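Okay, so here's the structure we're looking at.
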Amino acid sequence: MAITLTHAATLHPLPLPEAGAAPTPLIRQYADVRNASILETSGRDDDVLPVESLLPVLYSTRASRRRQWYIEQDGSMIGCIAADILQDADGESAIVVIALLQKHGGQGLGTAALAHLESELREAGVRKLLCWVEHHGDDTDVICSPTGFGSVPRDNVAHFLERRGFALGQVERASALTWDADTVHGLERARAAAQEHAQDYRVVQWLSPTPAEYVDGYAWMKSRMSTDAPDADLGMPEEIWDAARVAELDARQTAKGFTIQVTAAQHIATGELCAFNELAMSISDASSVTHQYDTLVLAGHRGHRLGALVKTAGLLGWHQKFPASPRVVTYNAEENRPMLDINEALGFAPFAYEGAWKKDLT
């Protein structure tokens, strides 16, 4: 059912084809608008996805109930909206995205679409909205993170969010590592130094799907990622992971056309997996950017340079497998100084900053 936003624009639920079916023309338009919005706002294609890769991640999973809408004006799709209702903690938190092509801004479409989105999510039991936005502008007027680490310019998007009840909760730094001979040599030296401090640990590594012998340990580490990584006051729910959820993650990435490499540190005496790093990229384009996803060291095993060990071993192993990938992109909270120290020492350089915004629904 179409919702009227303005006299010329309407909001529509996005119908998905049966799982495994080819993308419909409407899904192709949705992917085109999404990708165009990403290019407009960031100037980069790191997160652009072909429609065949995007469609599999639009479906709901056991851990996430996903809903999408599109904005139509004068017969053309000009915006897309997504809500990811996190099923942990009884589905009280949702990650939302409103992407409107820039030439259609200033008409009140974002405001009207957000109002409808909030109404629907409130009825679905959501009590908190979260969104991550890349900000651009000078430093003459900034919003400081309440964590005390980092700031973002008060650009048009920040103004929009503040006026609609969102508050900045955290600043994330986007960093990139570019490959060359010096990068490889530096990583080799850093790995050797880290291993010297981690004599009680070995490195194990795999490409998805996750081997059965590592599923339980990997699932436990993934669950701790939701509790141990810096969260500021965002209140992300604790995630419950098991073998089924790991299998679902692996299957989803395969359907998306991605491969994931997991590098873990294993305690030799006990066999416990106690640190991990994830790297991923599209397997259909060997020259695409690599995404560094989660990295974590379990609290009981910190102080042995395991973060540096799994990162360096992961990056070196990845570069051997996929040498045409030109760079690695990662995101870290500005207050996560231990992980930023490792990244900076390895050669990661910042190139953008995101604001993590939160709004409580009443």
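Every number here is computed from the coordinates shown, using simple stated rules; none is lab data. The model shown is predicted, which means the values in this text are computed figures rather than measured ones. So basically every Cβ, Gly included, is an ideal-geometry build from the backbone, and we count neighbours across all protein chains shown.
Considering Cα pairs under 8 angstrom that are at least six residues apart, work out the relative contact order of the range 3-126 and quote it in whole percent. Relative contact order, the range 3-126: 25 percent. Only lysine pairs 8 or more places apart or on separate chains count here, and in the chain those with Cα atoms under 18 Å apart total 4.
Among (i) 67, 46, 41; (ii) 68, 50, 40; (iii) 65, 42, 36, find the value of Cα extents along the principal axes in Å that was calculated from the structure presented, and write down its label. Computed from the coordinates, Cα extents along the principal axes in Å corresponds to (ii).
Using 1/(1 + (r/R0)^6) with R0 = 30 angstrom and r between the beta carbons of THR362 and ASP294, what's the FRET efficiency to the nearest 0.05? Working from the Cβ atoms, E equals 0.40. Taking every full run of DSSP H in the chain, none both stretches at least 30 Å from end to end by Cα along its long axis and averages 0.5 or higher on the Kyte-Doolittle scale. Over all projection directions, the Cα-based convex hull of the range 3-126 averages an area of 7.9 nm². Its relative contact order, with pairs defined as Cα atoms under 8 Å and 6+ residues apart, puts the chain at 20 percent.
With 10 angstrom as the radius, rank LYS222, LYS103 by how many other C-beta atoms surround their C-beta, starting from the fewest.
LYS103, LYS222
Charges were assigned to the Cβ only: +1 to each Lys and Arg, -1 to each Asp and Glu. The resulting dipole of the chain about its Cα centre is roughly 280 debye.
When +1 charges are put on Lys and Arg Cβ atoms and -1 charges on Asp and Glu Cβ atoms, the dipole computed for the range 180-325 relative to its Cα centre reaches about 320 debye. A full extension of the chain between HIS185 and PHE351 corresponds to an added length of 57.5 nm, given 0.36 nm per residue minus the alpha carbon distance. Dipole of the chain computed with +1 at Lys/Arg Cβ and -1 at Asp/Glu Cβ about the Cα centre; of GLY150, HIS136, LEU5, farthest Cα towards the positive end is LEU5.
Fewest neighbouring Cβ atoms within 10 Å first, the residues ILE78, ILE240 line up as ILE240, ILE78.
Give me the dipole magnitude in Debye, nearest 20, for the range 104-183 about the Cα centre, with unit charges on the beta carbon: positive for Lys and Arg, negative for Asp and Glu.
Computed about the Cα centre, the dipole is about 500 debye.
Under the criterion of Cα pairs below 8 Å and six or more residues apart, the relative contact order for the range 180-325 equals 29 percent.
Using 1/(1 + (r/R0)^6) with R0 = 51 angstrom and r between the beta carbons of GLN320 and ARG122, what's the FRET efficiency to the nearest 0.05? It comes to 0.55.
Each of TRP357, SER93, LEU49 was scored by the projection of its Cα onto the charge dipole of the chain, and the greatest displacement toward the positive side belongs to LEU49; charges sit on the C-beta of Lys, Arg, Asp and Glu. Between GLU40 and TRP220, the FRET efficiency estimated from the beta carbon spacing at R0 = 35 angstrom works out to 0.30.
Were the residues from ALA243 through HIS12 laid out at 0.36 nm apart, the gain over their Cα-Cα distance would be 79.5 nm. Potential lengthening of the chain between GLU213 and ALA269 amounts to 18.5 nm, from the contour at 0.36 nm per residue minus the alpha-carbon distance.
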